[in-house]
Amino acid sequence: MADDRFHVYDTTLRDGAQQEGLSLTVADKLAVARHLDELGVGFIEGGWPGANPKDTEFFRRARTELDLKHAQLAAFGATRRAGVQAADDPLVAALRESGAPVVTLVAKSHDRHVELALRTTLQENLAMIRDTVSHLRAEGQRVFLDAEHFFDGYKSNPAYALEVLRTAAEAGASVVALCDTNGGMLPDELADVVHEAAGTGARVGIHCHDDTGCAVANSLAAVRAGATHVQGCANGYGERSGNANLFTVVANLQLKRGFDLVPDAALAEMTRIAHAITEITNVTPNSHQPYVGVSAFAHKAGLHASAIKVDPDLYQHIDPAQVGNDMRMLVSDMAGRASVELKGRELGYDLSAEQSRELVDRVKDLEAKGHTFEAADASFELLLRDTVTGERPRHFTVESWRVIVERPAGGQVVSEATVKLYAKGERIVATGEGNGPVNALDRAVRLGLERLYPELASVELTDFKVRILEGSHGTGAITRVLITSSDGTGEWATVGVDENIIEASWQALEQAVTYGLLRAGHTPDRVAGPST
Ligand SMILES: CC(=O)SCCNC(=O)CCNC(=O)[C@H](O)C(C)(C)COP(=O)(O)OP(=O)(O)OC[C@H]1O[C@@H](n2cnc3c(N)ncnc32)[C@H](O)[C@@H]1OP(=O)(O)O
Ligand SMILES: CC(=O)C(=O)O
């Protein structure tokens, strides 16, 4: 890679892995590296070889198992210890032997840290930087310097902080990355310091933590002030409040500031890549994450939807497709006619103005009673079909159900449910057992219907959420149940509300089965029934 290109430097596998609760195996690290390479980042910091066996192993396996198309691997580590030769320091040796083409050295640039944490002199710290950089350069590695606590150091002793940068650059470091290690900076003051640092003539990079919630803003301000190398982590992972979210930084620079950082086709994969990485890290994705979160282009307010109907740009800062995301309409009691009309279109229905109005009224009425349609897409679609056709889709109707929960003397709690149904002209009586009443009901319904609808064998209940809502209008507390179901190719959610938790569950379950049968292509019998 030509050195005049702007550097996108990812440190997910090193600083990102410093996040509480995040622990990656070597195989995980290799998998994350492949995703980052696919996105087109320039550098992937793989860890600190020599600091722990896993990171050493990562660099060993990377040589044969990583076939990076865009990125170069960087090994992270510290300058030599005080009072020893760089060539004799075992941690420096591990960096040398990592096989990484780039080494990023962390060095102290804050005078107090040199004196208190390193317990050495300011001159010896400069010598540690000079020796280590020139040693690794002589060994053929490209060296970047992470100037730790640079901004706090600059406030304490600007001349010394800048001297650290000059020393590294003169010894052969091709980038000096200014680190807001404690993450306490704000964009305006940070930009002034970056400007001063760029005045040394060294190539300046930026590494921000998010302790003030400004890591991305600080990174952008640094770029405007002259930084041409930006560090960050996938999904904003990192120690404490995290690092600058590299996905947000890249999307901002490319889409707002005209930088050509990653291929447009790779940027359009960013949402998928961000979520693929959360699968590996096992960290719940932040649905509100800019650009790539599932809610990043989700619209709930009726007024927004009415403008979006005319032109999506009126309420969106970019076309979500540019980052591989999708616009979504949420239907709730904040919806207006436009919201349900657009949602209907998304689901393949062309609603008339009258149908939209009726549907909005029904949604608002049901939400006032405790339903929530933004979390129950399938319930909304059933309500929509009901409004459009004047009939509730029914593949079966229920005569009655009964659930028994019993703890026999000396035994375990067991649940048994019996349902009496009508389907395809037959009366069906079925009994199911389960580890709880809803599980038993689910089994009984499916057992009863599977002979007529074999596809139900692959439908399963994957999530069950219960919330007790405060009573209103003098009523007691009511229960809202949300059920998520899956048929192996997709998921759908349904909602039920009642004072009785089993009845609320039954409502959600009955809709879940109905929706599953619609997905499987079964036309409902034209049996009119009461609406939800
Ligand atoms: C800002 C950052 O996030 S930088 C990255 C921080 N990441 C980590 O610390 C994770 C990996 N670290 C580790 O595995 C261990 O801390 C190791 C292997 C690096 C060192 O472990 P130990 O030898 O047991 O030392 P320990 O962690 O207690 O202390 C660090 C030592 O490094 C020294 N040190 C700290 N920064 C530097 C530096 N930039 N250059 C040289 N030495 C340094 C400290 O003065 C201390 O020296 P001492 O042993 O004489 O007291
Ligand atoms: C190097 C680094 O991670 C920091 O200073 O924050």
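The table for this structure:
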read-out: Three-way shape label, the stretch 397-519, alpha-carbon gyration tensor, a/c 1.5; value: oblate
read-out: The stretch 298-340 and the stretch 9-86: distance between their alpha carbon centers, rounded to Å; value: 40
read-out: Diffusion constant of the stretch 236-324 at 37 °C, which comes from Stokes-Einstein with the Kirkwood Cα-pair radius and 0.692 mPa s, µm²/s; value: 231
read-out: Angle between the chain longest axis and helix 215-224 axis [Cα atoms, degrees, rounded to 10]; value: 50
read-out: Solvent-accessible surface (1.4 angstrom probe) belonging to S485, in square angstrom, nearest 10; value: 10
read-out: Heavy-atom accessible area ranking, 1.4 Å probe, most first, across K29, K256, K69; value: K69, K256, K29
read-out: Relative contact order (percent, whole number), the stretch 397-519, Cα cutoff 8 Å, 6+ residue spacing; value: 15
read-out: Relative contact order of the chain, defined on C-alpha pairs under 8 angstrom at six or more residues apart (%); value: 9
read-out: DSSP-defined antiparallel bridges as percent of all bridges, the chain, nearest 5; value: 50
read-out: Solvent-accessible surface (1.4 angstrom probe) belonging to S241, in square angstrom, nearest 10; value: 70
read-out: The chain - percent of accessible surface contributed by carbon and sulfur, probe 1.4 Å; value: 48
read-out: Sorted largest first, extent of the chain alpha carbons per principal axis (Å); value: 89, 61, 46
read-out: Kirkwood estimate for the stretch 12-91, i.e. one over the average of 1/r between Cα atoms, Å; value: 13.4
read-out: The stretch 397-519, accessible area per residue, ligands and nucleic acids excluded (1.4 Å, Å²); value: 52
read-out: Shape call, the stretch 1-156: gyration tensor on alpha carbons, a/c limit 1.5; value: prolate
read-out: Value in Å of the Kirkwood radius, where the stretch 74-152 supplies the Cα pairs that are averaged; value: 12.5
read-out: Dimensions (Å) - the stretch 298-368, Cα atoms, principal axes, largest first; value: 37, 24, 18
read-out: Mean residue ellipticity (222 nm) of the chain, computed from DSSP H runs ≥ 4 via -39,500 (n - 2.57), nearest 500; value: -12000 deg cm²/dmol
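The values are calculated or read from the model by the stated rules, or taken from the named source; none is laboratory data. This structure is a prediction, so every number in the text was calculated from the model and none was measured. Ligands, DNA and RNA are stripped out before the accessible areas are found, and what is left, the full protein with its side chains, is counted by its heavy atoms. Shrake-Rupley method; radii C 1.70, N 1.55, O 1.52, S 1.80 Å.
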